[in-house]
Structures are given as C-alpha cells and as structure tokens.
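> Before we start, here is the structure in question, set down as structure tokens.
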Amino acid sequence: MKAVIIMGSKSDLEFAKKIAEKLEYFGVEYEMRVASAHKTPEKLLEILKEYDRVVFVTVAGRSNALSGFVDANTSNPVITCPPYSDKFGGADVFSSLRMPSGVAPMVILEPENAALAVAKIVALYDENVRRKVEEYQKVKKEEVAKADEELRKHGGRS
C-alpha cells in the first residue's frame, strides 16, 4: 500500500515535500500529482481511477474543494493537510473542516503528523512500516522524558 499526494497546484509542492520526507522515513512508497477540483475536475477523476488501495493525501489551501472532491470519489482513506495561510487569519482552514454529509476526509494540519497517519494505516498491512511507527513513537516519548529530566535537574527552573 502506498500514498498518493495530490496537490491543488504546484505552489503546494514545498509543503507536500515535508509530508514526502517523513513518508520516506517510515518507508512508505508515495507518488505526487497535481490536479485541481476547481480547474481540472476531469483530470482529477482520471488520477483517482489510476489507483487502487492507496491512501490519498490532499494538499490544497484557500477554498479546499480538492479534499472533499477526492473523498467523495474514492473509497480509499483521504487525509487532507492544508498549508497554513496567514491570509484571513488562517480561517481558510474551515474549507477543509466543514464537509457535507457523506464526505469525510481526515484533517491533519502538520505535515509530519499527516505522514504518521498514513504510516499507521499502511502499518496495518506492512510489518516493516509498523516497526518504524513504533520506533518513532518510542523516540518521541524519550524526548519528553529527557526534557522532564533536564528540567528537574535545574529544580524546575529553566
């Protein structure tokens, strides 16, 4: 099982690369594509038909029709990871959160966490990915324990 990262435009590439880098860490195969639900809906449908049993990750800001469109046209999991925008005070994220009934892409705001969610889905079928997820979680727990230990050495003062 692999991930297909679909960007609404090429301007989303740098953000999508952050997801891809973490997918590589977990050993999850991926492909990147560009299609717009607003501008090229036919092309987007063609792309969706190319893949079976994948996890789609959608990366689109502003009016995020991409994620809902993808989710409504596949039975595969869809994770949307919209790039944060300072425009409109970040309110454009609501277009990723408010979906009509029957449309349920999972929204994850941080690229690293989007990759982790993909890896956990893939880990249901791939033992190597499962081990990488468990290793990642162990490292994160150790980071917290180390931070607590360092803080305690200084009497709770920084």
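> Could you please find all residues in the stretch 66-84 being hydroxyl-bearing (Ser, Thr, Tyr) and touching a residue at least 24 places away in the same chain (Cβ under 8 Å)?
Taking the stretch 66-84 as the starting set, the residues that turn out to be hydroxyl-bearing (Ser, Thr, Tyr) are 67, 74-75, 80, 84.
Of everything in the stretch 66-84, those that are hydroxyl-bearing (Ser, Thr, Tyr) and touching a residue at least 24 places away in the same chain (Cβ under 8 Å) turn out to be 67, 74, 80, 84.
> Where residues in the stretch 40-89 are among the basic types (Lys, Arg) and modelled with pLDDT of 95 or more, which of them is farthest from residue 106 (Cα to Cα)?
In the first step, residues of the stretch 40-89 are kept if they are among the basic types (Lys, Arg); the result is 43, 49, 53, 62, 87.
Filter once more, so that each one left must be modelled with pLDDT of 95 or more: 43, 49, 53.
On the way: 43: 23, 49: 21, 53: 17 Å.
Per the stated criteria, the residue is 43.
> Next question. Which residue is nearest to residue 55 (Cα to Cα), if the candidates are limited to the stretch 128-141 and must be among the hydrophobic types (A, V, I, L, M, F, W, C) and surrounded by 14 or more Cβ atoms within 10 Å (Cβ to Cβ)?
As a first pass, look at the stretch 128-141 and keep what is among the hydrophobic types (A, V, I, L, M, F, W, C): 129, 133, 139.
Applying the additional criterion that residues be surrounded by 14 or more Cβ atoms within 10 Å (Cβ to Cβ) yields 129, 133.
Values: 129: 14, 133: 16 Å.
Applying the filter and picking the extreme gives 129.
> I would also like to ask the following. Provide a single number: the residues in the stretch 9-35 that are at pLDDT 95 or above and touching a Gly at 6+ places or on another chain (Cβ under 8 Å).
2
> Note down all Cβ pairs under 8 Å where the first residue falls in the stretch 25-41 and is closer than 30 Å to residue 130 by Cβ, the second is among the basic types (Lys, Arg) and surrounded by fewer than 16 Cβ atoms within 10 Å (Cβ to Cβ), and they're at least six residues apart or on different chains.
If the second residue must be among the basic types (Lys, Arg) and surrounded by fewer than 16 Cβ atoms within 10 Å (Cβ to Cβ), the pairs left are 28/2; 29/2; 30/2; 31/2.
> With the structure loaded, tell me whether residue 148 is more than 18 Å from the chain's Cα centre (by Cα) and within 30 Å of residue 68 (Cβ to Cβ) or whether it fails that test.
Details: more than 18 Å from the chain's Cα centre (by Cα): yes; within 30 Å of residue 68 (Cβ to Cβ): no.
No: the conditions fail for residue 148.
> Next up: Do we have any residue at all in the stretch 118-127 that's in contact with a Lys or Arg (Cβ under 6 Å, 6 or more places away or on another chain), part of a helix (DSSP H, G or I), surrounded by 10 or more Cβ atoms within 10 Å (Cβ to Cβ) and of a type outside the set (S, T, N, Q)?
We begin by selecting, within the stretch 118-127, every residue in contact with a Lys or Arg (Cβ under 6 Å, 6 or more places away or on another chain); these are 123.
Narrowing further to those that are part of a helix (DSSP H, G or I): none.
For the stretch 118-127, residues in contact with a Lys or Arg (Cβ under 6 Å, 6 or more places away or on another chain), part of a helix (DSSP H, G or I), surrounded by 10 or more Cβ atoms within 10 Å (Cβ to Cβ) and of a type outside the set (S, T, N, Q): absent.
The values are calculated or read from the model by the stated rules, or taken from the named source; none is laboratory data. Keep in mind that this is a model prediction, so the values were computed, not measured. When we count neighbours, we look across all protein chains shown, and the Cβ atoms used for this are built from the backbone with ideal geometry, even at glycine.
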